Structures are given as C-alpha cells and as structure tokens.
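Asks: This structure is in structure tokens; I'll ask about it shortly.
The values are calculated or read from the model by the stated rules, or taken from the named source; none is laboratory data. Computed from a prediction, not measured in an experiment: that's the story for all the values here. Using ideal geometry, Cβ is built from the backbone for each residue, glycine included, and neighbour counts are taken over all protein chains shown. These area figures cover heavy atoms from the full protein model, side chains too; ligands, DNA and RNA do not enter into them. Shrake-Rupley method; radii C 1.70, N 1.55, O 1.52, S 1.80 Å.
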Amino acid sequence: PANATNLTYILCLIVLLYYTKARDYYRKRDSTNTDTLELWLSGIAIVNLLVTEVVFNITSQSERSTGSFFVKFFLYSYINAFIRPILFSLTVRSIKSFWRRYLSVIRGSLPMVIFILVYVFYFAWMGNRLFAGTIEGVENFSNLNDSFFYMFVLLTTSNFPDIMLPSYGQQRRFAIFFIVYLVVGLFLLMNLLLAIFYSNYQERVESSHDKFAET
C-alpha cells in the first residue's frame, strides 16, 4: 500500500507539472518566480518520494523499527507532506491571490506585531525580576525564555488565572501586574492589531477591485 500511495503521489505531481506548463503555454505567459518555485518544490517532493521508496525496499522490517534516524526519517516522506499544501496554494489561482494579499497585509502590519512582541518581552523581563526567589519565579519566571513563553500564552488568556495564582496566594497585590498586562495587551494592543489587519486587508481588496475594473 505504501508503494502504491507514493507512486500515486509521484504521478499526481508529474500531472500537476504538465498542467502548469500547458496552462502557461496556452495563455502565452512567461514563467514567473512563482512558477520556478513550484517547479523546484515539485522536483524536491518527487525526489523525496523516490528516496522513501528506495529506503523502504532496501530495509527489513526490523531495520525499519530499530534503524537509524536516517532510515526512520525517510521511511515517511515528511518533506513531501510539507510541500503538498504549498504546491496546492501555488497552483490554485484564488488561493494564491489570497495568500499574496494576506502576506502583504502581514508585511504592512509588521511594525505593530514587533511592538507587541517587545511589549510581551518587557513584561516577561519585569516578571523575571519581580518574582525572583518566589514560588511564582520558580514555576513560571525562572528564566527569560520561560517568562516570555508564559507571558505570550497569557496574551491569549489560555493559562489565566493559573499563571497568577502562585503569586496571588503569596501577596494579592501581585495580581496588579497581570491585570495591567492583560488590560493593555489583550484589550488594547490586540484589538488595535486586528483593526490594522482589517484596514490593510480592505485596502488590498479595494486596490485589486480597481485594477480589475480598469482592465
């Protein structure tokens, strides 16, 4: 079954490549950077599938279960599995235009994203210093990496109020630190980021509609 599946994947990739080239030839369109990327990704996916087939055929059952990292890695075509959704996005025009528009929106909103990351890092650093030597410091703020991770998760409220309870049990005034962080970060900065995303996306959509109307 694995051999048939991989061979089916290879056949589909070859058909996809032929379809892309035939479409460009029919439309008399020159190759773009996206077409080159699609060609390279398809080639890498096909090579990965062929290597998987070779490794599967030259190894025994015991080697597959207890073999080296190289054998276990290439027993399944991880690279091909990662490339498939990218190829799908590049092939379907509507999805490709959506991702192009979405990436331009992210690029336009990048300063706000960086500002939020700096905000999270600042409170993570403050928490690392404020809770040093306490139960809260040991559990959640032992180093800057853990502090940044837990404060970033707190921005989604996924770990609230669990992250606050060790310090709150020690002194209730420590709750002010987390409340201020959530009020400013969640209710102000995240909503502002959403507004910037929406505004940028609306501008891109209106611009594409204007270009379509002109043609």
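Asks: Check residue 150 against each of (1) modelled with pLDDT of 85 or more; (2) open to solvent by less than 40 Å² (accessible area, probe 1.4 Å) and name the one condition it does not meet.
Replies: Result: residue 150 fails condition (2) only.
Asks: If the requirement is being modelled with pLDDT of 65 or more, acidic (Asp, Glu) and over 16 Å from residue 16 (Cβ atoms), which of these qualifies: 38, 53?
Replies: Going through 38, 53 in turn, the sole match is 53.
Listed here are the residues, each with its yes/no results for (1) of a type in the set (Phe, Trp, Tyr); (2) modelled with pLDDT of 90 or more; (3) exposed (fewer than 11 other Cβ atoms within 10 Å of the Cβ).
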| residue | (1), (2), (3) |
| --- | --- |
| 170 | no, no, no |
| 177 | yes, yes, no |
| 182 | no, yes, no |
| 186 | no, no, no |
| 193 | no, no, no |
| 196 | no, no, no |
| 202 | no, no, no |
| 207 | no, no, no |
| 213 | no, no, yes |
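Asks: Could you list all residues from segment 129-186 that are among the small types (Gly, Ala, Ser) and over 24 Å from the mean Cα position of the chain (by Cα)?
Replies: Those that are among the small types (Gly, Ala, Ser) and over 24 Å from the mean Cα position of the chain (by Cα): 132, 133, 137, 142, 167, 169, 175.
Residue-by-condition table, conditions (1) closer than 24 Å to residue 192 by Cβ; (2) among the small types (Gly, Ala, Ser); (3) open to solvent by 90 Å² or more (accessible area, probe 1.4 Å):
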residue	(1), (2), (3)
95	no, no, no
106	yes, no, no
115	yes, no, yes
121	yes, no, yes
127	yes, yes, no
136	no, no, no
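Asks: Which of the helices (runs of 4 or more DSSP H) found entirely inside segment 96-215 contain at least 3 residues meeting this: among the acidic types (Asp, Glu) and farther than 30 Å from residue 84 by Cβ?
Replies: So the answer is 190-214.
Asks: Among the residues of segment 66-80, is there at least one that is among the basic types (Lys, Arg), modelled with pLDDT under 85 and under 30 Å from residue 197 (Cα atoms)?
Replies: No, there is no match, as no residue in segment 66-80 is among the basic types (Lys, Arg), modelled with pLDDT under 85 and under 30 Å from residue 197 (Cα atoms).
Asks: Hey, another quick one. Name the one entry in 100, 129, 84, 107 that is within 30 Å of residue 45 (Cα to Cα) and modelled with pLDDT of 80 or more.
Replies: Result of the check over 100, 129, 84, 107: 107.
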